[in-house]
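Heads up, the thing below is written out as structure tokens.
The values are calculated or read from the model by the stated rules, or taken from the named source; none is laboratory data. This structure is a prediction, so every number in the text was calculated from the model and none was measured. A quick note on method: Cβ atoms are made from the backbone with ideal geometry, for glycine too, and the neighbour counts reach across all protein chains shown. Remember, those area values only see protein heavy atoms, side chains included, never the ligands or the DNA or RNA. Shrake-Rupley method; radii C 1.70, N 1.55, O 1.52, S 1.80 Å.
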Amino acid sequence: MSTSTTTPAGVLESLPGQLLIGGQWRDGRGGAFDVIDPATGEPLRAVADATAEDALAALDAAAAAQRGWAATPARQRAEVLRRAFALMHDRAEALALLATLEMGKPLAESRAEVAYAAEFFRWFSEEAPRVDGGFRPTPEGTHHILVMRQPVGPSLLITPWNFPLAMPTRKIAPALAAGCTAVLKPAEQTPLSALAIAQILTEAGLPPGVLNVLTTADPEPVGAALLTDPRLRKVSFTGSTPVGSHLLRGAADRVLRVSLELGGNAPFIVFDDADLSAAVDGAMAAKMRNIGEACTAANRFFVAESIAEPFTRMLAERMATLAIGPGSDPRSQVGPLIDAAGRDKVAGLVDDARAGGATAVLDGGPLPGPGFFFAPTVLTGVAPDARLLREEIFGPVAPVLTFRDEDQAVAAANDTEFGLLAYVYTADLRRSLRVVEQLEAGMVGLNQGVVSNAAAPFGGIKLSGLGREGGREGIGEFLETKYVGIAR
Ligand code: NAD
């Protein structure tokens, strides 16, 4: 894909649309399936449909390449990643358009995603040569302890549709930096961005078989064939909690290393001492980034009673001004939701809340087609048993609830099975630390509405997952520790 092909037809036609196995682009044994444009409901283009047999061919290639890639000097592995980082920047416009076409988000957000996604290649190119070990004496003085860190081995990387560029790079980069080979299975809704990344890595000099890509409309048999094969050593999954726990059960028989980045139900707490306009800015970012289709999306707003009225009014006013339209139109600020099922799920959650007594301060809702658009909605008076307080909304809907004091705010925020992220707005330092310490979440945005950064350990607790991606921790998910006892 070159920089000159930044028209929809250009970016779509420059993609291979096949499976990448052992350095070769191949057709899928299952034929092909269409990728749908969520802004129109029409097919964008067809890609290969992999079967379980294709999956095993991809693992053959990954297993065959494992020894050579692990033995490749870390500096050389790093340079491939660094070149991929540069190529992503060279092709930023084409990649952004591709992500927008298949996922729906506004172009400005796709451009930000290209930069975020590329950053994983740069960050892990810097981490690759820093993998180290240790040398220690035993307390008894009987022998020495040598600690080595080695690649886990062939890894299965499964990614969701909501960040079609960044979710693949957040896994590919640490896996390759650690010396692991991989099979990537992107989401069936958004396989095109993943193919573009594979194309870039190939051009960056990645040896055949180190990264293999399987696009498929039917992920279960592909996943099952790989999880039960003794050559696979690791599965790293980002997606919904039910699929994540299904894969965790599947990984149990072979005791695979597992990393899971799952769903969220982020609380967004605003104390009465907070800078109100900064809190509304943060709320807009935390709610509206990615059309609300982010695991990090603020799902429940808890606002101190004394400022709830102005906060809700300001938030509703801001959400009402957003321009809704196809992400590829540069004026759009709210693109379509991913598909009819996603739009209908959001509508169902709003209907359930309203049936339970909620009031729409901003009365958005599903829009007529073509495409799967949903207008921003703000709700108050939401009953405690409303489904949207328990489930990920994954759309532009903001339920605003109130609290009397700090203890009530923390208890309400923690009243969820999820624990990915929480947001807190307060100007009081002692309160900040007290509250942050008590929140049951893997990440906290303190007076800020976006936390994602390649240099930070991203991940959740409770039903939100296992392990961390990014930061110094990310590469560790793809490394084993070996201890060698050395006689004195
Ligand atoms: P999903 O769970 O439906 O699908 C995720 C991936 O799993 C896709 O590639 C899909 O094809 C694959 N998959 C589905 N069933 C499978 C099976 N039986 N075997 C193997 N693979 C299978 O999730 P989604 O709808 O694509 O993404 C949205 C979800 O992802 C939300 O819950 C969101 O919170 C979560 N998410 C989490 C993070 C995070 O970092 N915690 C980031 C982004 C998205």
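By definition, a body whose alpha carbon gyration tensor gives a ≥ b ≥ c is oblate when a/c is 1.5 or more and a/b is not larger than b/c, and the chain fits this oblate description. Spin-label model, residue 9/residue 323: points 7 Å from Cα along the beta carbon direction are separated by 2.5 nm.
Annotation: extensible slack from residue 229 through residue 148 equals 26.5 nm (criterion: 0.36 nm per residue apart, minus Cα-Cα distance). Over segment 213-278, accessible surface divided per residue gives 37 Å², non-protein components excluded, 1.4 Å probe. I'd like the distance separating the alpha-carbon centroids of segment 394-454 and segment 309-334, in whole Å. Centre-to-centre (Cα) distance: 23 Å.
At an R0 of 35 angstrom, the distance between the Cβ atoms of residue 245 and residue 64 translates into a FRET efficiency of 0.65. Model label sites at residue 405 and residue 86, defined 7 Å from Cα along the beta-carbon direction, differ in position by 6.1 nm. Relative contact order for the chain: what is it in percent, counting Cα pairs under 8 Å that are at least 6 residues apart? Relative contact order of the chain: 18 percent. Charged side chains reduced to their Cβ positions (Lys and Arg at +1, Asp and Glu at -1) give the chain a dipole of some 1640 debye around its Cα centre. Charged neighbours of residue 358, selected by a Cβ distance under 14 Å, balance to -1 (K, R count +1; D, E count -1). Extents of segment 388-461, largest first, come to 33, 30, 21 Å (Cα atoms, principal axes, whole angstrom). Computed in the context of the full set of protein chains, the accessible area of the chain at 1.4 Å probe radius has 53% of its extent on carbon or sulfur. Solvent-accessible surface of segment 20-80, averaged per residue with a 1.4 angstrom probe and all protein chains in place: 46 square angstrom. Summed over the residues of segment 359-488 and divided among them, the accessible surface reaches 46 Å² per residue at a probe radius of 1.4 Å. Packing order of peptides 96-103, 347-354, 373-380, 397-404, highest average first: 96-103, 373-380, 397-404, 347-354 (average count of other Cβ atoms within 10 Å over each peptide's residues). Site pair residue 331 and residue 363 shows an inter-label distance of 2.6 nm when each label is modelled 7 Å from Cα along Cα→Cβ. With a cut-off of 15 Å between beta carbons, the residues surrounding residue 9 carry a summed charge of -4, where Lys and Arg count +1 and Asp and Glu -1.
Neighbours of residue 418, meaning other residues whose beta-carbon lies under 13 angstrom from its beta-carbon, give a summed charge of -3 when Lys and Arg score +1 and Asp and Glu score -1. Relative to the dominant Cα principal axis of the chain, helix 107-127 is inclined by about 40°. When peptides 111-122, 67-78 are ranked by their average number of other Cβ atoms within 10 Å per residue, the highest-first order is 111-122, 67-78.
Tell me the relative contact order for segment 1-87 as a rounded percent, counting alpha carbon contacts under 8 Å between residues six or more apart. Can you show the working numbers first?
On the way: 74 pairs, mean separation 18.1, N = 87.
With pairs under 8 Å counted, the relative contact order is 21 percent.
Taking amide H atoms as placed 1.01 Å from N in the peptide plane, the amide H of residue 49 lies under 5 Å from those of 28, 30, 31, 32, 33, each 5 or more residues away in sequence or on another chain. Contact order for segment 266-453, expressed relative to its length and based on alpha carbon pairs under 8 Å spaced 6+ residues apart, stands at 30 percent.
Antiparallel versus total DSSP beta bridges in the chain: what percent is that, nearest 5? Show your work: numbers first, answer last.
On the way: 34 of 71 bridges.
Taking every DSSP beta bridge within the chain, about 50 percent pair in antiparallel fashion.
Inter-part distance, segment 105-174 to segment 257-285, computed on C-alpha centroids, equals 25 Å.
Cα-based Rg of segment 266-453 per 2.2 N^0.38 Å, rounded to two decimals?
Values: Rg = 15.6 Å, N = 188, 2.2 N^0.38 = 16.1 Å.
This ratio for segment 266-453 stands at 0.97.
Mean residue ellipticity at 222 nm, helices only, the chain: -12000 deg cm²/dmol; runs of at least 4 DSSP H residues each add -39,500 (n - 2.57), and the sum is divided by the number of residues. Using the Cβ-Cβ distance between residue 74 and residue 488 with R0 set to 25 Å, the FRET efficiency works out to roughly 0.25.
Using R₀ = 22 Å, calculate the FRET efficiency as 1/(1 + (r/R₀)^6) where r is the Cβ-Cβ separation of residue 306 and residue 451; round to 0.05. It would help to have the intermediate numbers written out before the result.
Numbers: r = 27 Å, r/R0 = 1.23.
Computed FRET efficiency for residue 306 and residue 451: 0.20.
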